[in-house]
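Rule-based calculations on the coordinates, nothing more; no lab input. This structure is a prediction, so every number in the text was calculated from the model and none was measured. All Cβ positions, even for glycine, are placed from backbone atoms using ideal geometry, and neighbour counts span all protein chains on display.
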Amino acid sequence: MYIGRGRRKALTVGAFLLPSVLGFVLFSLTPIFRSFYLGLTSWDVLQAPKWVGLQNYRELLASEEFWHVIKNSVEFTILYVPLIVASSLAVASLLNGKYRGVTAYKVLFFLPVLTSWVAGSLIWKWILNYRFGIVNIFLGYLGIHGPPWLTDKLWAMPGVVLASIWKDTGFFALIFLAALKGINTEYYEAAAIDGAKRWQRFSYITLPLVSPTTFFVLMTSIINSFQVFTQVMIMTDAGPAGATQVIIERIYRYAFQFYHMGYASALSWALFFFIFLASFAQWKLQKRWVNYDA
Amino acid sequence: MMPKVLRFLQKTVFYLLISGVAMAITLPFLWMISTSLKQDEAIMILPIRWIPRRISFQSYRDIFVIYPLLRAALNSFTVSVLTTLITLLSASMAGFAFAKFDFWGKNQLFLLFLATMMVPGAVTMIPNFLVLRNLHLINTFAGLAIPSIYNVWALFLVKQNIMSLPEAFFEAAVIDGGSAFTLYARIVLPLVKPILATLAVITFMGTWNDFLWPLIVLSGDVTKMTLPLALNAINSRWGEHWNMLMAGNLISIMPIVVIYLLAQKYFESGISVGGLKA
């Protein structure tokens, strides 16, 4: 637009675009095609890839493990998503209170977001320890005999979810907080004059007005749920007995520990399919409940 | 007007609630600190003690003895700085080109860039590993950092930011005969500093905390491990030594907390522009 013409300009633009375009070709465009190709081959890295057509996908769909892994991811999603929406909206509502010291609390609530998932997982592995973990100690104070959490087939996934709620609440709360701050206070004042109770104001004003944000949080948290990895690797090593095996963890193992690159690539496309499907469904459903009027 | 008593009651309930939540979020950290200050024989004792009978910094010494943790911290620092610099440089250059130049196929290229954001990282992860292997960059910091030359989200942010700058800055510089490079270095970079700072803290933190990509690229060489890889290794070999693990955790968390306290507003703008990931 500004400098030079013809060849000179082309060179300038080319120079500024070079790193990104190079990266795009090397680390995004060709990898996408290559991954798709690899998904149609059988490859152990040592010998040349062998074309097998759709066999990886057929194998995948026929394998018990794949559906077990999907079931685990769905279990995580069903537990995690409603909890994270509720907890982050609740925390955001608290942080929206016009009281002194709220900013200090905000810093505290953000600490888990700053913590790496490896560190967070190690903390929770220790906290969920059957006998010496503080979760079961506190449950004990309430007269509840806590489960063995991460070493129990039934309780391992809820344990991982609990850690994830702790880790992510501060993040989504700040997103909700921005939405809450954007609500015109006149709505509440008008409702108060009309004698609306607190919960009525919440469900008839707050909820509809933050629904675009709720939609964003739902989308993000569902997509994240299907990409859980580190917490499972550290907290349970995908156990016990495969109870916390999830898709990314399977992709990692098949590719980099078993060297089944073809099968792992097919798995990664299955993941893409599920994320796409979930996002598409959400997008279609949003008309019914998301309010963009305000 | 509400009666005074009611308002006082409301305030009390508010502080009780928010402090309750704060406790739930902070207690895991406090337990981490408490455990890290215990001696081996004091870790697994009932009833639990929040303040150790004998406060000991032994685990902070031991962890450096059993594992090259200082090396891991330096490695983490190196890859985080490297990745941040590469991201900022590449994204700001391309952002400038997209914002201020017309060229053939510009919109199509940009759409193509945006479309790749739909593909999850797990899909490109395997081929990216293979590319790095062909380039002999496995187990190198360069290999870990180089894929960040392509970051659509960062590029997009810088582009939007440059487009929002007043046209007059650029016109004046062009009339003075400034080259594209002077425009970039003298006008663009100084004016988009806030968004670059946002990108910097987010990229730094993301790289510092990342586990999967370093696990794939760096885990073949112990001397190259970053802090998350080191903690993972310590966990699998000395998993019962909770005091050491918690000490290592605290060491790995502190730098980011310090950066956060110094640059809080950039973290928050990072959330509002959608860069910070949960």
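Applied to region A:243-251, the Karplus parametrisation 6.51 cos²θ - 1.76 cosθ + 1.60 on θ = phi - 60° returns per-residue 3J(HN,Hα) values of 5, 10, 5, 10, 4, 4, 4, 5, 4 Hz, with x for Gly and Pro. Local charge for B:A122 was computed over the other residues whose Cβ lies under 11 Å away, with Lys and Arg +1 and Asp and Glu -1, and equals 0. Look at the dipole of region A:9-104 built from charges on Cβ: of A:L61, A:V91, A:L17, the Cα furthest out on the positive end belongs to A:L17. Ranking of B:W238, A:W149, B:W50, A:W43 by neighbouring Cβ atoms within 10 Å, starting from the fewest: B:W50, B:W238, A:W43, A:W149.
Candidate cross-link partners of A:K167 among the lysines, defined by an alpha-carbon separation under 28 Å and a same-chain spacing of 8 or more, comprise A:K71, A:K98, A:K106, A:K125, A:K153, A:K181, B:K11, B:K38, B:K224, B:K265, B:K277.
The string of couplings for region A:196-201 from the Karplus curve (6.51, -1.76, 1.60, θ = phi - 60°) is 6, 6, 4, 5, 5, 4 Hz, one whole number per residue in order, with x for Gly and Pro.
The order of B:M23, B:M244, going from fewest to most other C-beta atoms within 10 Å of their C-beta, is B:M23, B:M244. For B:L69, B:L231, A:L111, the sequence from fewest to most other C-beta atoms within 10 Å is A:L111, B:L69, B:L231.
Here the 3J(HN,Hα) profile of region B:215-229, calculated from phi with Karplus coefficients 6.51, -1.76 and 1.60 at θ = phi - 60°, is 4, 6, 8, 10, 6, x, 9, 4, 6, 9, 4, 8, 4, x, 5 Hz, Gly and Pro shown as x. Among residues other than B:M93 with Cβ under 14 Å from its Cβ, the summed charge is +2 (Lys and Arg +1, Asp and Glu -1).
For chain A, adding -39500 (n - 2.57) for each run of n ≥ 4 DSSP H residues and dividing by the number of residues yields -22000 deg cm²/dmol at 222 nm. Around the Cα centre of the protein assembly as shown, unit charges on the Cβ atoms of Lys, Arg, Asp and Glu (plus for the first two, minus for the last two) sum to a dipole of about 800 debye.
Among A:W126, A:W199, A:W155, which one shows the biggest mean-square fluctuation in a GNM of chain A, springs joining Cα atoms closer than 10 Å? Result: A:W199 has the largest fluctuation of those listed. The mean number of Cβ atoms from other chains found within 10 Å of a Cβ in peptide B:14-23 is 5, as a whole number. Proximity of backbone amide H atoms, modeled 1.01 Å from N, is registered between A:T41 and A:V52 at under 5 Å, excluding neighbours fewer than 5 places apart on the same chain.
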